[in-house]
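A short worksheet on the structure shown next.
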Amino acid sequence: MSATVSSRQPLDPAAPARTTPRGEKGRGRAGRQLHGGKITYAVLILFTIGSLFPLVWTAIAASRTNTRLAQTPPPLWFGGNLFNNLDKAWNGANMGTALLNTTVVAGTVAASTVLFSTIAGFAFAKLRFRFKNILLMLTIGTMMVPPQLSVVPLYMMVAKLEWTDQLQAVIVPTLVSAFGVFFMRQYLSQALPTELIEAARMDGASSLRIIWHVVFPAARPAMAVLGMLTFVQSWNDFFWPFIALTQNGNPTMQVALTGLSRGYTPDQSLIMAGALLGTLPLLIAFVLFGKQIVGGIMQGAVKG
């Protein structure tokens with residue numbers, strides 16, 4: 001017993017006890033950058049190729065002739081008629097007017113949908129008023145109604161207002177969407193603290209000032225996402241613009257493309273050239289503003 005006790009080193013009460021920092025234990029795991037394996041990169045490459053193939057094929061078809069597209073096997077590389085087909089599609093389908101009209105329609109619809117949906121979503125999320133839940137259920141219920149059911153009464157109203165073949169016939173019915181209201185309501189319910197609104201009211205802020213200085217800054221990420229989705233949806237909308245507008249009057253891009261498919265044997269190369277002209281503005285807009293849009297989405301995800 002004495003030998004065992006004497007072999008132990010005496011404890012120094014002055015020596016500081018060694019403590020492990022809280023983050024030291026997981027520093028190697030938490031600070032290490034994750035890398036995907038070969039399978040992950042292979043899957044991402046396949047998805048990228050699959051996503052880009054329709055756009056690449058559209059450009060290839062637009063650079064060929066209609067005769068070459070009808071042959072087997074189809075062409076897999078670019079031809080020499082791209083700019084010629086683009087010029088024919090631009091001049092033959094009233095593409096200049098269609099591009100301007102589509103930009104006006106999509107921009108106006110996106111801006112109004114974001115504005116009204118944010119205000120309505122804030123009201124449903126944070127304000128107290130009678131029949132709030134009933135009104136919200138009715139708003140959501142309108143998304144279940146097929147749009148084809150409203151075409152006839154909507155066209156009768158447009159014709160009575162003498163808006164046929166005018167841009168307001170396409171803009172006014174889509175100034176706000178039920179999906180946008182529900183989307184902003186769900187986001188503001190979590191991202192906007194009620195204490196912040198109460199503090200603004202105690203400082204004497206009016207409802208309009210609260211919306212401008214409190215709600216809009218908090219909802220900016222969701223507004224960017226909703227604006228992007230609405231702009232793309234309005235840009236590609238075909239059903240109602242095809243009914244309300246004409247190809248020779250005030251067409252949108254999708255309505256103008258129908259002028260390229262007329263005839264007994266439509267020229268597929270011209271149709272692809274027109275489709276390429278209708279797609280390029282969206283690609284340019286995403287290249288210019290994609291960083292801000294993705295940054296807004298990530299900002300909202302971090303805040304949430």
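Among the residues of region 72-88, is there at least one that is open to solvent by 60 Å² or more (accessible area, probe 1.4 Å), part of a helix (DSSP H, G or I), farther than 30 Å from Leu175 by Cβ and not charged (D, E, K, R)?
yes
State yes or no: is Leu136 in a helix (DSSP H, G or I) and touching a Phe, Trp or Tyr at 6+ places or on another chain (Cβ under 9 Å)?
yes
Looking at region 166-191, which of its residues are open to solvent by less than 50 Å² (accessible area, probe 1.4 Å), farther than 14 Å from Arg220 by Cα and aliphatic (A, V, I, L, M)?
Leu167, Ala169, Val170, Ile171, Ala178, Val181
Mind listing whichever residues of region 145-180 are part of a loop (DSSP other than H, G, I, E, B) and of a type in the set (Gly, Ala, Ser)?
Ser177
Could you list all residues from region 32-54 that are at pLDDT 85 or above, among the small types (Gly, Ala, Ser) and either in contact with a Leu (Cβ under 9 Å, 6 or more places away or on another chain) or farther than 30 Å from Asp267 by Cβ (or both)?
Scanning region 32-54 gives a single hit, Ala42.
Residues of region 102-121 being open to solvent by less than 10 Å² (accessible area, probe 1.4 Å) and not small (Gly, Ala, Ser), which ones?
Of everything in region 102-121, those that are open to solvent by less than 10 Å² (accessible area, probe 1.4 Å) and not small (Gly, Ala, Ser) turn out to be Thr102, Val105, Val109, Thr113, Thr118.
Let me spell it out: the conditions are (1) open to solvent by less than 30 Å² (accessible area, probe 1.4 Å); (2) in contact (Cβ under 8 Å) with a residue 60 or more places away in the chain; (3) under 20 Å from Ile271 (Cβ atoms), and Leu69 meets all of them except one. Which number is the exception?
All conditions pass for Leu69, except number (1).
Looking at region 90-98, can you tell me whether even one residue there is outside any helix (DSSP H, G or I), open to solvent by less than 60 Å² (accessible area, probe 1.4 Å), in contact (Cβ under 8 Å) with a residue 60 or more places away in the chain and of a type outside the set (Phe, Trp, Tyr)?
Yes - at least one qualifying residue is present in region 90-98.
Would you be able to tell me the number of residues in region 55-66 that are in a helix (DSSP H, G or I), under 16 Å from Leu270 (Cβ atoms), within 33 Å of the chain's Cα centre (by Cα) and touching a residue at least 12 places away in the same chain (Cβ under 8 Å)?
Of the residues in region 55-66, 5 are in a helix (DSSP H, G or I), under 16 Å from Leu270 (Cβ atoms), within 33 Å of the chain's Cα centre (by Cα) and touching a residue at least 12 places away in the same chain (Cβ under 8 Å).
Test Gly28 against the criterion of being modelled with pLDDT under 80, over 26 Å from Met272 (Cα atoms) and not in a loop (DSSP other than H, G, I, E, B), and give yes or no.
yes
The values are calculated or read from the model by the stated rules, or taken from the named source; none is laboratory data. The structure displayed is predicted, hence computed values, not measured ones. Counting neighbours? That spans all protein chains shown, and the Cβs are built from the backbone with ideal geometry, glycine included. When the accessible area is computed, the model is the full protein with side chains, heavy atoms only, and any ligands, DNA or RNA have been set aside. Shrake-Rupley method; radii C 1.70, N 1.55, O 1.52, S 1.80 Å.
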